[in-house]
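The values are calculated or read from the model by the stated rules, or taken from the named source; none is laboratory data. Everything quoted here is computed from the prediction, not taken from an experiment. Note that we place each Cβ from the backbone using ideal geometry, even for glycine, and neighbour counts take in every protein chain shown. Keep in mind that these areas ignore ligands, DNA and RNA; they rest on the heavy atoms of the full protein, side chains included. Shrake-Rupley method; radii C 1.70, N 1.55, O 1.52, S 1.80 Å.
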Amino acid sequence: MFDSLVSTADAHPESPFRLIKPQNNRPVVLPPNTTEPAFQAALEDLRGEIGAEWVKVNDIDLVDGDYHAVPLSHDSYHILEQDDLVPSAVCWPENTEGVSRVVKWANKHSVPIWPISIGRNLGYGGSAPRVRGSVIVDLGRRMNRVLDVSEKNATCLIEPGVQYLSLYEHLQKTGLGDRLWIDVPDLPGGSVMGNALDRGVGYTPHGGIRPFMATFPKEEDLATAVDALRPLMLQKVIGNVPCLRLGLQDATMYHKKTEFPLRERGLVDRKKSQKIIDNLGTGAWVFYAALYGPDEITQPKFDLIKKSLSVVPGAKFYERKDVSPESYLHDYAKFTAGIPTWRELDRMEYIPNASHLFFAPISAIDGEDAVRQAKMCRERMEEYGFDYLGTFFIGHREMHHVISFMYDKTDLDMKRRALACIRALIDDAAMIGVGEYRTHLALQDQVAGTYNWNDNAVMRLNEKLKDAMDPNGILQPGRSGIWPKVYRGQGWELRGEEKVSDPKKREMDVL
Ligand SMILES: Cc1cc2nc3c(=O)[nH]c(=O)nc-3n(C[C@H](O)[C@H](O)[C@H](O)COP(=O)(O)OP(=O)(O)OC[C@H]3O[C@@H](n4cnc5c(N)ncnc54)[C@H](O)[C@@H]3O)c2cc1C
């Protein structure tokens, strides 16, 4: 195990990394504008506030681990240098009183702090802070209780460290699981709170079920399929958050990249690969959805959906009884019924040392809009040497278009290309009036800069609020591109050309 600088879910028996014990021989990255003695004195003070064993200096070697052993020492899916977004220390308060002590301590010593619940925000920065040398406040490790579940109101009161998996297990243990479901996302190891605070998405409408899948044979079917889905969503015929996924993206769960016919620069040859994708039964696009309620209600709905989507020539429909035991549809059935699964982790086999970085623009539920975005992303990604792997998560009024960049994190050139490509895509999207719903720490300044209507009215308001509520600028400086006044105009914003995030380090590197 990584000493204790590993997330709450450490020691998972499936993780080969749990037995690794990194050495403590890396120099600590100090918070900005402090000296080693001042920092040591501040940490001593913090130990006095919450107990010496609950404060650890981050001096361990950086080991990326895996989903089951997420380090708190850095962003394990690093897109900048591995040692760029690193904290100076991690602390674990026990309760709200302890959190209050930590915040007062940070104000007293002007040390930036970065709260996390579990630290599995993988693809968006993981557990890492935006400002190097911040102190991570891990709220999940000691505050991880389900405080209350109200069966009557179908609500729960939980502490930050409650994972989807642990909430599910709690419901099973207390016998409430047959009446109450949770809204699980693709993977259940994150916290309910962290996912909500970073605007994450699950799949259920909180509601009895019947999952199905529909496949569309050609990539050009996207527009017709989306237009046919719009009324079904607006009229709430489909009540959950269904997804429309590129066949190749679905195939990454079953195949390694090298199993596909490849063309120049290692891109998948789509035409030649279609046979493999078709053999999986996913078509060029595959649609997963679930219907909730008694058969008397769901059967006519399913008939209507089939009729509506059959406007796409060659559309096929499958229920669980129609597909092989390996089909993802069985996993989809589980998590649309609130049952967590680890199936998404199979994607990590697609390329060696796989990491994800997500580009997540919003689209209207409109065929033309969806095609425009898919084309824009595909062209840009291929220019930078990446396959377009997109999924549309369909809400009642909009779609989250989540595009997965799969990169080998040991390949520096690939990392740089991934980052540069997303930077280009953020600008491309802004040009057509499209913004992102969520983004990686390294890209938050750029995305915030695209919401610039009326001479940056939103940012001016955000900054005013930030300065009023956090006058010393200690709470997550730089989160969502919002910088407190003590950091503003000093080169902390990342716009693209910077090699490292810390302006002081940048100057030193140049010298
Ligand atoms: C293969 C894969 C599939 C994924 N699928 C999905 C998916 O289906 N849906 C989805 O939404 N995401 C998905 N993700 C993204 C991510 O893994 C999840 O959203 C995860 O649940 C977030 O991690 P966490 O709960 O541990 O949050 P954390 O890392 O603990 O927190 C995320 C951020 O929220 C803030 N925060 C957290 N807790 C607090 C707090 N108590 N107080 C103040 N601020 C706080 C912090 O800024 C923190 O950096 C996926 C990622 C991967 C790699």
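Computed from label points 7 Å out along Cα-Cβ, the spacing between Arg416 and Ile297 is 5.6 nm. Farthest toward the positive end of the dipole of the chain, out of Gly473, Pro300, His400, is the Cα of Pro300, where the dipole comes from beta carbon charges about the Cα centre. Can you give the FRET efficiency to the nearest 0.05 for Trp453 and Glu383, using r as the Cβ-Cβ distance and R₀ = 30 Å? Efficiency at R0 = 30 Å is approximately 0.55.
Among beta bridges identified by DSSP and lying wholly in the chain, the antiparallel ones come to about 85 percent. Normalised by the number of residues in the stretch 211-437, the mean separation of alpha-carbon contacts (under 8 Å, six or more apart) gives a relative contact order of 28 percent. Normalised by residue count, the stretch 16-138 yields a Cα convex hull volume of 104 Å³ per residue. For the peptides 96-105, 111-120, residues were scored by their other Cβ atoms within 10 Å and the scores averaged per peptide; the highest-first order is 111-120, 96-105. Summed over all non-identical Cα pairs, the Kirkwood treatment of the stretch 306-401 gives a radius of 16.3 Å. When restricted to Cα atoms, the chain yields an Rg and a Dmax of 23.3, 73 Å, respectively. Given the pairs Lys301/Lys321; Lys415/Lys499; Lys104/Lys505; Lys256/Lys321; Lys415/Lys505, which are separated by over 24 angstrom at their Cα positions? Beyond 24 Å: Lys104/Lys505; Lys256/Lys321. Placing unit charges on the Cβ atoms only, positive for Lys and Arg and negative for Asp and Glu, gives the stretch 149-197 a dipole magnitude near 140 debye about its Cα centre. Helix-only arithmetic for the chain: the sum of -39500 (n - 2.57) across DSSP H runs with n ≥ 4, divided by the residue total, places the mean residue ellipticity at 222 nm at -10000 deg cm²/dmol. Phi angles across the stretch 61-77 convert, under the Karplus curve 6.51 cos²θ - 1.76 cosθ + 1.60 with θ = phi - 60°, into 3J(HN,Hα) values of 4, 8, 10, 5, x, 8, 4, 7, 9, 7, x, 9, 7, 5, 7, 6, 9 Hz, Gly and Pro given as x. Ordering of 152-161, 73-82, 331-340, 350-359 by packing is 73-82, 331-340, 350-359, 152-161, highest average first (other Cβ atoms within 10 Å, averaged per residue). Surface composition of the chain: carbon and sulfur make up 54 percent of the accessible area, probe 1.4 Å. Extension gain, Val323 to Arg397, is 23.6 nm, computed as 0.36 nm per intervening residue step minus the present C-alpha separation. The spread of Cα positions in the stretch 296-355, taken along each principal axis and listed from longest to shortest, comes to 45, 29, 20 Å.
Using only side-chain charges placed at the Cβ, +1 for Lys and Arg and -1 for Asp and Glu, the dipole size of the stretch 459-510 relative to its Cα centre rounds to 140 debye.
With Cα atoms as the point set, the radius of gyration and Dmax of the stretch 211-437 evaluate to 17.3, 56 Å. Accessible surface area normalised per residue over the chain is 43 Å², counting heavy atoms of protein chains with a 1.4 Å rolling probe. Using θ = phi - 60° in the Karplus curve 6.51 cos²θ - 1.76 cosθ + 1.60, the 3J(HN,Hα) couplings for the stretch 121-127 round to 7, 5, x, 10, x, x, 8 Hz; x is entered for Gly and Pro. A cut-off under 10 angstrom between Cβ atoms defines the neighbours of Val201, and their net charge, with Lys, Arg +1 and Asp, Glu -1, is 0. Computed over the stretch 459-510, the Cα gyration tensor eigenvalues convert (square root of 5λ each) into semi-axes of 23, 11, 8 Å, ordered from largest to smallest.
With kT/(6 pi eta Rh) evaluated at 4 °C and eta = 1.567 mPa s, and Rh the Kirkwood radius from Cα pairs, the stretch 149-197 diffuses with a coefficient of 117 µm²/s according to Stokes-Einstein. Taken one residue at a time, the phi angles of the stretch 103-116 give Karplus couplings (6.51, -1.76, 1.60, θ = phi - 60°) of 5, 5, 4, 5, 5, 5, 9, 6, 9, x, 10, 9, x, 9 Hz. Gly and Pro are set to x. List the relative contact order of the stretch 149-197 as a percent without decimals, with contacts defined as Cα pairs under 8 Å and 6+ residues apart. Value for the stretch 149-197: 46 percent.
The modelled label-to-label distance between Gln235 and Ala52, using points 7 Å beyond Cα along the C-beta direction, is 7.0 nm. For the chain, the Cβ-based charge dipole about the Cα centre amounts to some 560 debye (Lys, Arg positive; Asp, Glu negative; other atoms uncharged).
Ordering of 463-472, 408-417 by packing is 408-417, 463-472, highest average first (other Cβ atoms within 10 Å, averaged per residue). Per residue, the convex hull spanned by the Cα atoms of the stretch 383-446 amounts to 99 cubic angstrom.
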